[in-house]
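J.: Have a look at this one.
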Amino acid sequence: MPIALATTRDDIQRCFPVMAQLRPHLVESDFVARIQRQQRDGYHLVFLSDKKMVKAAAGYRYSESLSWGKFLYVDDLITAEQFRSQGHGQRLLKWLVNEAKARKCDQFHLDSGVQRFGAHRFYLASRMDIIAHHFAMKLK
């Protein structure tokens, strides 16, 4: 199964059912426009699929900071529930890490909600470390 960037409206729309499993607040009718807005600001959407359906998807961006240097940040990483534990998430994570290395990034980062215990086991098994607490404040 190939891994590809979602650059067309159709590719982006095909990612919605999987991405909505991670982000249930998303509205399908707004999804493509929202992704395209984010893409203008450097967001990339990548997906793993067979000819019928998207099995895993990830959204990421590149940035640079004083604390991390140049880094790839994963905003979203999800394998469709019915396809978990089949290696799709691992393939996508490996692709993302290789992408970061190819772009000469110093670090690779992602945040994961505290309730996502299965995801945490996956990240720890993938040799990632828990290095910080992320704090947030809703403004709306």
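Derivation of every value follows stated rules applied to the coordinates shown; laboratory data play no part. Quantities reported herein were computed from a predicted structural model and do not represent experimental measurements. As a convention, Cβ positions derive from the backbone with ideal geometry for all residues, glycine included, and neighbour counts pool all protein chains shown.
J.: Could you tell me how many of the residues in region 100-121 are free of Cβ contacts under 8 Å to residues at least 40 places away in the same chain, closer than 22 Å to ALA4 by Cα and either in contact with a helix residue (DSSP H, G or I) (Cβ under 9 Å, 6 or more places away or on another chain) or charged (D, E, K, R) (or both)?
T.: Selection size over region 100-121: 4.
J.: Continuing with the same structure: Take the conditions of a type outside the set (Ser, Thr, Tyr), out of contact with any Gly (no Cβ under 9 Å at 6 or more places or on another chain), outside any helix (DSSP H, G or I) and under 23 Å from MET1 (Cα atoms) and apply them to ALA20. Does it pass?
T.: Working: of a type outside the set (Ser, Thr, Tyr): yes; out of contact with any Gly (no Cβ under 9 Å at 6 or more places or on another chain): yes; outside any helix (DSSP H, G or I): no; under 23 Å from MET1 (Cα atoms): yes.
Spelling it out, it is not the case that ALA20 is of a type outside the set (Ser, Thr, Tyr), out of contact with any Gly (no Cβ under 9 Å at 6 or more places or on another chain), outside any helix (DSSP H, G or I) and under 23 Å from MET1 (Cα atoms).
J.: List pairs: first in region 17-38 and more than 10 Å from ALA57 (Cβ to Cβ), second in a helix (DSSP H, G or I), Cβ under 6 Å, 6+ apart or cross-chain?
T.: Pairs that qualify, where the first residue is more than 10 Å from ALA57 (Cβ to Cβ) and the partner is in a helix (DSSP H, G or I), are LEU26/ALA20; GLU28/PHE16; PHE31/PHE16; VAL32/ARG9; VAL32/ILE12; VAL32/GLN13; ILE35/ILE12.
J.: Determine whether VAL32 is out of contact with any Ser or Thr (no Cβ under 6 Å at 6 or more places or on another chain), among the aliphatic types (A, V, I, L, M) and either within 25 Å of ILE130 (Cα to Cα) or surrounded by 20 or more Cβ atoms within 10 Å (Cβ to Cβ) (or both).
T.: Working: out of contact with any Ser or Thr (no Cβ under 6 Å at 6 or more places or on another chain): yes; among the aliphatic types (A, V, I, L, M): yes; either within 25 Å of ILE130 (Cα to Cα) or surrounded by 20 or more Cβ atoms within 10 Å (Cβ to Cβ) (or both): no.
No; evaluated as a whole, the condition is false for this residue.
J.: A further question follows. From the list ASP76, ASP129, exactly one residue is of a type in the set (Asp, Glu) and either surrounded by fewer than 11 Cβ atoms within 10 Å (Cβ to Cβ) or not in a strand (DSSP E or B) (or both). Which is it?
T.: ASP129
J.: Shifting gears a bit: Mind checking which residues of region 1-19 are under 17 Å from GLY89 (Cα atoms) and out of contact with any strand residue (DSSP E or B) (no Cβ under 9 Å at 6 or more places or on another chain)?
T.: Scanning region 1-19 gives no hits.
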